[in-house]
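Heads up, the thing below is written out as structure tokens.
Where a number appears in this text, it was derived from the coordinates with a stated rule and is not lab data. Source: prediction; values computed, not measured. Here the Cβ is made from the backbone with ideal geometry for all residues, glycine too, and neighbour counts use every protein chain on show.
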Amino acid sequence: MNRAKTEKLLSHFFEGSLFAMFLLGLFNGDLYAAFSALFGLGMAMIPWFLKKEKILTVPFELNLWIFIALFLHNLGVLVKLYDTIWWWDKMTHFLSTSMIAAFGFVGIVIVDKYVDAIYLPPKFLPFFIIVFVGAMGVFWEIIEFIIDKTLSAGMQYSLSDTVIDLVFDNIAGIVVAILGPIYLRYRSIDAIVEEMKVEDVVRRITTRSRNN
């Protein structure tokens with residue numbers, strides 16, 4: 001089985017799993033689980049939409065990262081693994097935050113390459129990733145707080161739970177901050193840009209700005 005077929009098969013598996021979780025949530029009368037799975041399915045299909053519309057191609061490694069994080073999170077919500085397995089919340093936090101950190105890493109590298117007004121010294125990149133992830137972690141905890149206050153979803157169990165989540169968020173940021181520059185030693189920025197078809201995006205933006 002070639003790479004394209006493998007990617008398509010895995011995509012269908014995870015998308016089908018999330019849709020099944022949505023149906024199970026409705027069947028069980030668990031609207032929060034159903035909404036969470038439906039939202040996750042929408043998030044999982046964003047890379048497919050971007051590729052279909054020829055806007056941007058998300059590398060499958062990052063796409064698979066999204067699928068796994070969404071699948072495990074929604075599985076935990078549906079069958080209450082967050083309540084029965086103490087480390088489930090920490091694992092999903094780590095996966096989700098490291099995924100965000102990876103996207104942030106790729107994004108800032110691409111911006112640094114194409115935006116002349118921005119220069120990011122290589123030594124500063126790990127620091128930026130850690131700060132970026134920390135900010136996203138705090139933002140997510142605020143969202144959980146708002147959801148708890150409005151829907152009584154029970155996403156935040158206690159102050160200590162929130163702090164531990166933030167600790168795992170920062171651990172994920174540190175891991176990506178360390179591995180990201182190492183990854184660039186083995187795969188060039190140009191190779192990443194080519195796979196994501198960033199040149200096409202830049203060309204369209206440049207053309208539109210000139211026409212305006």
Review point. Relative contact order, percent, of segment 1-70 when contacts are C-alpha pairs under 8 Å separated by at least 6 residues?
Key: 29 percent
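So for segment 1-70, considering every pair of alpha-carbon atoms, how many percent are separated by more than 20 Å?
Numbers: 787 of 2415 pairs.
Counting pairs separated by more than 20 Å, the tail of P(r) holds 33 percent.
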Practice item. Could you tell me the distance between the Cα centroids of segment 51-86 and segment 109-147, to the nearest Å? Key: 21 Å
Review point. Looking only at trypsin sites (Lys or Arg not before Pro) in DSSP loops with at most 13 other Cβ atoms within 10 Å, what is the longest site-free stretch of the chain?
Key: 81-186
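Considering Cα pairs under 8 angstrom that are at least six residues apart, work out the relative contact order of segment 80-211 and quote it in whole percent.
Values: 85 pairs, mean separation 44.6, N = 132.
Relative contact order for segment 80-211 comes out at 34 percent.
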Revision key, fill the gap. Options [x] 13.3; [y] 14.4; [z] 12.6 for mean projected area of the Cα convex hull in nm²; the value derived from the coordinates is listed as [y]
